[in-house]
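Worksheet: the structure to be examined is printed underneath.
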Amino acid sequence: MDNYDLQVDIGKRIFLEYDQERMIRKFCLNSDEKYIYLTYLNTPCRISRESGTIEEQRDGRWQESRNFGTVMTVYDLLCYHKGERPPELLHQWCTVGTFVVTGVTKTEGFTRKYAKLFDGRMQDLKTAAQRLGGTLQPPMAGADLTCEIPVTPFFPILLQFWEGDEEFPPKLLILWDRNADQFLHFETTFYLQGDLLERLASKA
């Protein structure tokens, strides 16, 4: 078992310490005696109320998710905010650097390989984003593609993509609601970003 697997199991135990009824009410989640249900990046998920295990429904079957990015993001979105009511979306988009004063905030190096992957494959990226539940938006900042993707029904992100040309390399950017730091830890934005990009690549 590697360190990521260990963290997944630790996450399960920590999740069970939280008030499940409160998170169900707060985010209007469906539930029964055994599971809490939600949709994550357009994939049906359920969380065992007894063990904390997250399962994804694929091809009509429930399968445990051991993906570190998926598991940590879902737990954080459900457990991070402490209030009785959900945080408010401001519907103003910003970069991840908005949420910190110091430290490494640029993500161009991380997204560069995905920008190269989709360069010249605009339709593939558009199709992949729509398969994740994305909705095309009016162009912003001259981007060739602007798409809002619901991570969960209560938390979206914005994906932008510029194709490369003779002067500039391709560019892929993920923007966050200006109130995103009320929904999840800063570190979790990187887990979510990696999970999102991997899913886009797999669905292209």
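The values are calculated or read from the model by the stated rules, or taken from the named source; none is laboratory data. None of the values given here were measured: they were computed from a predicted structure. Ideal geometry is used to build each Cβ from the backbone, glycine not excepted, and the neighbour counts take in all protein chains shown.
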Practice problem: Scan the stretch 152-174 for residues that are closer than 21 Å to Asp124 by Cβ and among the hydrophobic types (A, V, I, L, M, F, W, C) and jot them down. | Solution: Ile157, Leu158, Leu159, Phe161, Trp162, Phe168, Leu172, Leu173, Ile174
Self-check item: Residues satisfying the stated conditions in the stretch 1-48, i.e. surrounded by 14 or more Cβ atoms within 10 Å (Cβ to Cβ), assigned to a helix (DSSP H, G or I), free of Cβ contacts under 8 Å to residues at least 60 places away in the same chain and of a type outside the set (D, E, K, R)
Solution: Gln20, Met23, Ile24
Practice problem: State yes or no: is Thr98 outside any loop (DSSP other than H, G, I, E, B) and either at pLDDT 95 or above or touching a helix residue (DSSP H, G or I) at 6+ places or on another chain (Cβ under 6 Å) (or both)? | Solution: no
Quiz item: Tally time: how many residues in the stretch 143-198 are small (Gly, Ala, Ser) and under 15 Å from Thr95 (Cβ atoms)?
Solution: 2
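Yes or no, residue by residue, for (1) farther than 16 Å from Val151 by Cβ; (2) in contact with a Pro (Cβ under 6 Å, 6 or more places away or on another chain); (3) in the same structural domain as Pro153 (by TED's automatic domain parsing):
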{"residue": "Gln7", "(1), (2), (3)": "yes, no, no"}
{"residue": "Leu16", "(1), (2), (3)": "yes, no, no"}
{"residue": "Glu21", "(1), (2), (3)": "yes, no, no"}
{"residue": "Cys28", "(1), (2), (3)": "no, no, no"}
{"residue": "Ile36", "(1), (2), (3)": "yes, no, no"}
{"residue": "Ser51", "(1), (2), (3)": "yes, no, no"}
{"residue": "Arg66", "(1), (2), (3)": "yes, no, no"}
{"residue": "Gly97", "(1), (2), (3)": "yes, no, yes"}
